[in-house]
Amino acid sequence: MAAMPGTVRSWVEIWWGATLLFLFCHLGYVYGQIRYPVPEESQEGTFVGNVAQDFLLDTESLSARRLQVAGEVNQRHFRVDLDSGALLIKNPIDREALCGLSASCIVPLEFVTEGPLEMYRAEVEIVDVNDHAPRFPRQQLDLEIGEAAPPGQRFPLEKAQDADVGSNSISSYRLSSNEHFALDVKKRSDGSLVPELLLEKPLDREKQSDYRLVLTAVDGGNPPRSGTAELRVSVLDVNDNAPAFQQSSYRISVLESAPAGMVLIQLNASDPDLGPSGNVTFSFSGHTPDRVRNLFSLHPTTGKLTLQGPLDFESENYYEFDVRARDGGSPAMEQHCSLRVDLLDVNDNAPHITVTSELGTLPESAEPGTVVALISVQDPDSGSNGDVSLRIPDHLPFALKSAFRNQFSLVTAGPLDREARSSYDIMVTASDAGNPPLSTHRTIFLNISDVNDNPPSFFQRSHEVFVPENNRPGDLLCSLAASDPDSGLNALISYSLLEPRNRDVSASSFISLNPQTGAVHATRSFDYEQTQTLQFEVQARDRGSPPLSSTVTVRLFVLDLNDNAPAVLRPRARPGSLCPQALPPSVGAGHLVTKVTAVDLDSGYNAWVSYQLLEAPDPSLFAVSRYAGEVRTAVPIPADLPPQKLVIVVKDSGSPPLSTSVTLLVSLEEDTHPVVPDLRESSAPREGESRLTLYLAVSLVAICFVSFGSFVALLSKCLRGAACGVTCFPAGTCACLTRSRRREGLPPSNGILRIQLGSEDPIKFVDVGGHSHGCTPLASAPTRSDSFMMVKSPSAPMAGEPVRPSCPPSDLLYGLEVRPLQAQPMLEGDCDPAMWLGRVPEGTDLPVRAHRGATIFVSSNCVVNSVLYKWFQN
């Protein structure tokens, strides 16, 4: 029967623990954080909570994702069952050893999964179990009280200690019954209880010199536990004045960094007694803990409290104890005061960085927000000294995200480019908010793997290749090198030729492409007269997956060489034959004998031909226009002039120049000197050739008559039209134009003669106006730079004379400001007597020239048919 109370107590404890476990397991989230309560001293395998269910994890993938508890310390007490996702106790937890006397014992847990890398956080609250009974420091407490102590005086007693906290800590004290003493319990600011012996009746040492009482401390557990100590009170002889402190309690603050030997406070107590009864000594109360006695020293006579050991706010942030002042009387009298020393936190702990998990390599195609590493930081300081911020350099494409307090994820914040940077040394800096702040650095190394994200690129978007004709097959034309910033197979490049299907000329018939180097070679010689340009595309393709490519357009220009001599078109003659030309008798100087026309199949300077009289019996009789090829009489021809054999050389402007010649036989019409026939052909013309010549002559005569009739009709209509006004040109020359409406941006056709010639002739159109009064601005100048306008003026100045406008400035051509230009010599050609006057407005780029009463717009050389000049002179 004696064992029955213990058995009942055990069953009650088991029932209470199971009840607490059931209630706490259903608490779930606390302040947005998952928290699992579990009683202390729970056995191995005790269920704490189902983390897979609370974190919405698939239980079938827990093993593959390797769900585990992070941290070496937490792994010592907890483990995760990968089959069910339950959090279990691995080793029993002693709450008192883990959290000491702290009111709350919270263990933060971190769970890490892989594939993808994720972190979850929960808290486990270790619930205190009433497994410790209150205990007094000593089983016998001694107290001396003078017999003259007045009723109501209090005597602090040593308090009991209970390792449990909360409701399981000490809740009350009891004192065995006695008529002289009562028990009063004082509650401190930290919630602890301090028993005090209260004297209710005066003592008489002669009646009773000592009292033996039982002091009991009871905790608040269920069932409650208790501890007892014997209180022995000795009554001393009278010492009627006890030392008195200036105040009953003191409270001071000191920095935790205070050095040893620093005086914290000096206590003063006075005793009005004389002699030994008035000598006061200071000491710690009998129930002062040893840790206080080791940390502080109290001078017995001066009352100075001196620090003699290091302080640590993180271990204990305050100390509260009693100081006793005792006189030297007999019996001695004493007084107690309470002293509390508060520690002020100093930022003496730098943050600690822990990288829970990190990736060593990341592909450059990783999306923004990809987790690179999981980071946790801790700082044991309090207040702002414990507030930790994490940062990384701003120029890196990474960012920090905070999921929980002091828990961070390092993620990508932008696109990665291995070609720009292949690795990163990410320095993570943790800084607290102390003054001065403390910081810790941790470097995370990350390599960037290559992805085929860059197509090959050519140095130029298009290439222009210039190749002289008559090149040798196999010559290197150009080298099309492309680069790819990727690595490995992603950077290996091959080249191929692309040709449009609708091209008549195949580029592959002219060139060959090296697929490895991109070198372009000619497969045959180019002929400028057949092929001037060749365009094709070359594709550069890498070997990535998928492959990427780019193209470049190549324009090949064949450069002309002077490989064709000029060919004479008119007069027609077979090689070795003479071209007879007849002259009327008694012609004067300047008479046109004939015009030699030649062409050159080359282009540019190679096709510019010039004419020169090479041989003549009398070179002074005839002159050849250098560029027009006109053969004219230089002096009056006598009537008895014998036939003249003239050799005309046609030479191009190439380097070296090529030439050909034509031989003319010039004779007077009345001269009966026979024409020297071509010895290499028969003298009788073929019947077909003579008939063709007749047809051509008849057609030419008909066309001339029709053109001349139209020209005369238009001219007469123009002269009969509306009055003409004098129009001022920008250079100061005035011309007569018809005052009619302008259409389509060109001078009006009413009253103006417009002649449109062929596109190959240097003259595009000529406008001629009649006489009128008033000023009418010219509608517009020709918009093409290869056209000109010729307008006859009734009073145009001669070469070398000053030009003055006769119209107001508002009537100037295009309304532009008149800027007189200094006269300059004319270009060489048929217009030598003309004077350079100026330029028309911007956009036309046409020079203005005046020649014998006419204003002429030309683009380059002033090459005008002499018939037109003669017509204007009339």
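The values are calculated or read from the model by the stated rules, or taken from the named source; none is laboratory data. This one's a predicted model, so the numbers in the text were calculated from it and none came from an experiment. So basically every Cβ, Gly included, is an ideal-geometry build from the backbone, and we count neighbours across all protein chains shown. Only protein heavy atoms, including side chains, enter the accessible area calculation; ligands, DNA and RNA are left aside. Shrake-Rupley method; radii C 1.70, N 1.55, O 1.52, S 1.80 Å.
Quick rundown of the values:
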| read-out | value |
| --- | --- |
| For region 63-90 versus region 379-402, the gap between their alpha-carbon centres in whole angstrom | 28 |
| Hydrodynamic radius (Kirkwood) for region 387-508, which is based on Cα pairs only, to one decimal in Å | 20.1 |
| Gain upon complete extension [SER253, THR663; 0.36 nm per residue less C-alpha separation] | 134.7 nm |
| For VAL650, residues with placed amide H under 5 Å, excluding near neighbours | THR660, SER661, VAL662 |
| Sites ARG232 and THR354 - FRET efficiency at Förster radius 60 Å, r taken between beta-carbons, to 0.05 | 0.60 |
| Under Karplus coefficients 6.51, -1.76 and 1.60, residue-wise ³J(HN,Hα) of region 466-481 in Hz, glycine/proline x | 10, 10, x, 5, 6, 6, 8, x, x, 5, 6, 8, 6, 10, 9, 8 |
| FRET efficiency, GLN43 to GLU367 (Cβ-Cβ, R0 56 Å, nearest 0.05) | 0.75 |
| Zero-based 10 Å bins, Cα pair distances in region 113-215, whole percents | 12, 34, 23, 12, 7, 5, 4, 2, 1 |
| Compactness index (Cα Rg / 2.2 N^0.38 Å), region 457-559 | 1.13 |
| Directionally averaged projected area (convex hull, Cα atoms, region 192-320), nm² | 11.4 |
| Computed lengthening from ASP190 to LEU569, 0.36 nm per intervening residue step minus Cα-Cα distance | 123.9 nm |
| Sites VAL712 and VAL599, calculated FRET efficiency, Cβ-Cβ separation with R0 35 Å, nearest 0.05 | 0.60 |
| Kirkwood Rh (inverse of mean 1/r, distinct Cα pairs), region 531-638, angstrom | 18.6 |
| Dipole magnitude (debye, nearest 20) for region 439-589, charges at Cβ of Lys, Arg, Asp, Glu | 400 |
| Carbon and sulfur %, accessible surface of region 140-236 computed with the full protein complex present, 1.4 Å | 43 |
| Compactness of region 35-127, expressed as Rg and Dmax over alpha-carbon positions, Å | 13.1, 42 |
| Carbon/sulfur fraction of accessible area - region 457-559, other protein chains in place, 1.4 Å, % | 48 |
| Gain on full stretching of the segment that runs from TYR627 to THR59 - 0.36 nm per residue minus C-alpha separation | 194.5 nm |
| Accessible surface, per residue, of region 244-344 when the full set of protein chains is kept, probe 1.4 Å, Å² | 48 |
| Rg(Cα)/(2.2 N^0.38 Å) for region 244-344, N = residue count | 1.12 |
